Every structure is written in C-alpha cells, then in structure tokens.
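Structure, as structure tokens:
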Amino acid sequence: MDHLLARKKSPSSLRAKQLEADSTPSSATPSDQMQREAKSNPYTHPSYETVLAIRGSFMVKSDLGITNASKRLCQILLEAEQSVPRDSLFCDDLFDETCESVQARNEAMVVRDISPLICPSVQLLRIYGMKHHKLLK
C-alpha cells in the first residue's frame with residue numbers, strides 16, 4: 001500500500017543516483033564484509049599490541065623472563081594429567097614460531113589458525129584415532 005502513496009522520483013535525482021553509482025569503484029565490498037572488517041579493525045590497528053601489552057599479554061619473549069606467577073601456573077599444568085596431541089603447532093620445537101606467526105594478525109586469522117589446536121572438532125579427533133567419537137560420524 002505504501003508504494004501507491006510514494007512520490008515519483010524526479011529525473012534529476014535519478015541522474016544523481018546514476019552518477020553516484022558510476023563513481024563508486026566496482027570493488028565495493030558488501031555490507032556484511034564491511035561489518036566483519038569493522039569488527040576486526042581494532043586488531044589491525046598498530047596500537048592494539050600496546051593494548052594487549054598493558055593488559056599483560058605478550059606475543060614475544062620478554063627480556064625480563066617469566067614471572068613467578070606464570071612459572072607456578074606452568075608447574076601446576078605440567079603436574080596435571082594431559083593428553084599431548086601429536087604433530088601439533090604447539091609442539092616444543094614449533095611453539096615459538098607459532099606464536100610469532102600469529103603476532104600482529106587480525107582476529108579471524110588467529111581464530112582460524114589457533115582454535116583447532118585448542119579445541120579440535122570431533123571430526124578431527126575421530127580422524128586422529130579417538131574411536132569413541134565414531135558414533136558422531
């Protein structure tokens with residue numbers, strides 16, 4: 001019903017819209033892409049590493065070494081029963097390089113690369129040999 005009451009557009013406003021469309025680059029991103037970029041924008045800002053550092057999160061080795069609280073936490077984790085994944089980027093010989101590779105990257109890339117290591121999907125666990133997950137096939 002609203003369309004019956006709508007006024008017709010004047011030819012000048014139609015020309016203005018056409019000019020605007022012509023001047024817009026063809027590589028314009030869809031609105032959902034712009035929303036994703038806006039969400040990850042803080043992570044790409046050069047000062048974001050500073051924000052993390054202020055909150056005590058560092059992706060590089062400190063000249064001061066490891067804090068006593070971190071050492072205690074590591075000791076607690078080491079003494080607890082852990083299942084160690086084989087061929088993981090968290091292996092001792094790859095861990096430092098893994099941390100460096102995600103430094104200064106946006107959230108989506110970090111989540112893509114690190115999430116499966118922290119919480120692998122049931123499908124991956126099944127493939128790696130956890131037989132009790134076959135029921136979830």
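The values are calculated or read from the model by the stated rules, or taken from the named source; none is laboratory data. The structure presented is a predicted model; accordingly, all values stated were derived computationally and were not measured. Glycine also receives a Cβ, built like all others from the backbone with ideal geometry; neighbour counts cover every protein chain displayed.
Report whether or not Ala21 is modelled with pLDDT of 70 or more, more than 24 Å from Val110 (Cα to Cα) and of a type in the set (A, V, I, L, M).
Values: modelled with pLDDT of 70 or more: no; more than 24 Å from Val110 (Cα to Cα): yes; of a type in the set (A, V, I, L, M): yes.
No: the conditions fail for Ala21.
Of the residues that make up the stretch 72-81, is at least one assigned to a loop (DSSP other than H, G, I, E, B) and modelled with pLDDT under 80?
The first filter runs over the stretch 72-81 and keeps only residues assigned to a loop (DSSP other than H, G, I, E, B), leaving 80-81.
This time we only want the ones that are modelled with pLDDT under 80, so: none.
No, every residue in the stretch 72-81 fails to be assigned to a loop (DSSP other than H, G, I, E, B) and modelled with pLDDT under 80.
Give me the pairs, please: first residue somewhere in the stretch 90-118 and farther than 20 Å from Glu49 by Cβ, second residue anywhere and in a helix (DSSP H, G or I), beta-carbon distance under 6 Å, and either six or more positions apart or on two chains.
Partner pairs satisfying both residue conditions: Phe90/Leu117.
Please verify whether the stretch 50-70 includes one or more residues that are among the polar types (S, T, N, Q) and modelled with pLDDT under 65. Show your work before the answer.
Quick first cut of the stretch 50-70, residues among the polar types (S, T, N, Q) only: 50, 57, 62, 67-68, 70.
Remaining after also requiring modelled with pLDDT under 65: none.
Scanning the stretch 50-70, I find no residue that is among the polar types (S, T, N, Q) and modelled with pLDDT under 65, so the answer is no.
Would you confirm whether or not the stretch 70-88 contains a residue that is among the basic types (Lys, Arg) and in contact with an Asp or Glu (Cβ under 9 Å, 6 or more places away or on another chain)?
Of the residues in the stretch 70-88, the ones among the basic types (Lys, Arg) are 71-72, 86.
Retained after the next criterion (residues that are in contact with an Asp or Glu (Cβ under 9 Å, 6 or more places away or on another chain)): none.
There is no residue in the stretch 70-88 that is among the basic types (Lys, Arg) and in contact with an Asp or Glu (Cβ under 9 Å, 6 or more places away or on another chain).
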